[in-house]
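J.: Starting off with a structure, shown below.
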Amino acid sequence: MLQSGFHNLNVPKRVLLLGATGTIGLATANALANRGHEVICLVRNQSGNKLPHSSLRQLSKLDGIQIRFGDVTDLKSITENGFCGEKFDAVVSCLASRTGAAKDAWAIDYQAHSNILATAKATGVQQFILLSALCVQNPKLAFQFAKLAFEKELMESGITYSIIRPTAFFKSLSGQVERLKKGKPFLLFGDGTMTACKPISDHDLAAYLVDCISGEHCHNRILPIGGPGAPITPRQQAEVLFELLGKPLRVQSVPIRLLDVLVVGFEMLGRGIPYFRQKAELARIGRYYATESMLVLNPETNSYDAQLTPSTGRESLREHYQRIINGEASIDLGEHSVF
């Protein structure tokens, strides 16, 4: 098992952080500051430059963090409000499209990153650390192709890069906790055993991202990564949750065929109504995650391979679930809310 362990090699750097108001971005800002780096966070413009929502308020309370407001989709704003003509050693991006729909994906996952990279090169930045996603290894969706397009651009840029492709996040596996607390069954696609992942916590992933600044073995590499322990299937997630809740296991199967029907139906409606084209893409995303494991794809067997999926960190999904149930943690699913 890989562990974060390059703290002694860490030399303080001046870092521009993107996506700092997301859960992983916030954890990364904290990890960067705790390692002694000077951290400047470029976040979306807010009315009157106030900090109205919780993630910005949390970010503003971190020591050693400077917040700047700008528009990551605007090259001029990136240059004038983010970089400000100043010297940075590294860019760390936890930025991602909110929905994964095609327009949003190409605007954020590709174009915004492309603009940031262009400015980084022009201002002499030496290192770029990108949080990507493991699912791009088997691309079928717009956001995956957008991420791959930027990954290629980054690798060809001449800047020292690290591309981190994590498996599932704890947040993405926490959407049904409230359902179960209310006495409802855990919803499974099929029998709940066709997919598996090695989920990683925000804290452990953030530590890994920051380690890539100093860890030369992470440089100029694509790095798939998962959390500690064996892979877990959706049915096993249900078993853990019901055990922690002290309730008997209750599951309800949702046929994959239903997702296929939704995709086709939205595609037909989308021929005349743009709103449904986006719905069709969201349905395709749902189907993808219902049928594809978040493990490294073995090129020799064309199958998902737990043994090839590296692990890092110490926090387990079970511990995360326990904290939610105890009221010690909360999950703001935002655009990821499904159930």
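J.: Starting from 0.36 nm per residue, how many nanometres of slack lie between residue 179 and residue 264 once their C-alpha separation is accounted for?
T.: Going from the current span to full extension adds 27.8 nm.
J.: Nearest 5 percent is fine: what portion of the DSSP beta bridges confined to the chain is antiparallel?
T.: Antiparallel: roughly 10 percent of the beta bridges in the chain.
J.: Where a ≥ b ≥ c are the square roots of the eigenvalues of the C-alpha gyration tensor, would you call the chain rounded, which needs a/c under 1.5, or, failing that, prolate if a/b is larger than b/c, or oblate?
T.: prolate
J.: Which value, in Å² rounded to 10, gives the accessible area of residue 219 with a 1.4 Å probe and all protein chains present?
T.: In the full protein context, residue 219 sits at about 50 Å².
J.: Considering the chain, which cysteines have no disulfide-compatible partner, defined as another cysteine with its Cβ under 4.7 Å away?
T.: Among the cysteines of the chain, those whose Cβ sits 4.7 Å or more from every other are 41, 84, 94, 135, 197.
J.: Oh, and also: In the Gaussian network model of the chain, springs joining C-alpha atoms below 10 Å, which of 44, 287, 250 carries the largest mean-square fluctuation?
T.: 250
J.: If you don't mind, there's one more thing I want to ask. In percent, what relative contact order does the chain have, based on Cα pairs under 8 Å that are 6 or more apart in sequence?
T.: 19
J.: Straight distance only, please: which lysines reach the Cα of residue 152 with their own Cα at less than 29 Å, same-chain residues fewer than 8 apart left out?
T.: List returned: 13, 76, 87, 103, 121, 140, 171, 198, 279.
J.: If each residue of separation counts as 0.36 nm, what is the full-extension length gain between residue 257 and residue 306 once their alpha-carbon separation is subtracted?
T.: 15.0 nm
J.: Quick one: among 245, 26, 130, which has the greatest mean-square fluctuation in a GNM of the chain with alpha-carbon springs under 10 angstrom?
T.: 245
J.: Once both axes come from the Cα atoms, what is the angle between helix 274-291 and the longest principal axis of the chain, in degrees from 0 to 90, rounded to 10?
T.: Long axis of 274-291 versus the principal axis of the chain: about 70 degrees.
J.: Which one of 141, 18, 262 has the biggest mean-square fluctuation once the chain is modelled by GNM with Cα springs under 10 Å?
T.: So, out of 141, 18, 262, the one fluctuating most is 262.
The values are calculated or read from the model by the stated rules, or taken from the named source; none is laboratory data. Being a predicted model, the structure only gives us computed values, none of them experimental. Counting neighbours? That spans all protein chains shown, and the Cβs are built from the backbone with ideal geometry, glycine included. Ligands, DNA and RNA are stripped out before the accessible areas are found, and what is left, the full protein with its side chains, is counted by its heavy atoms. Shrake-Rupley method; radii C 1.70, N 1.55, O 1.52, S 1.80 Å.
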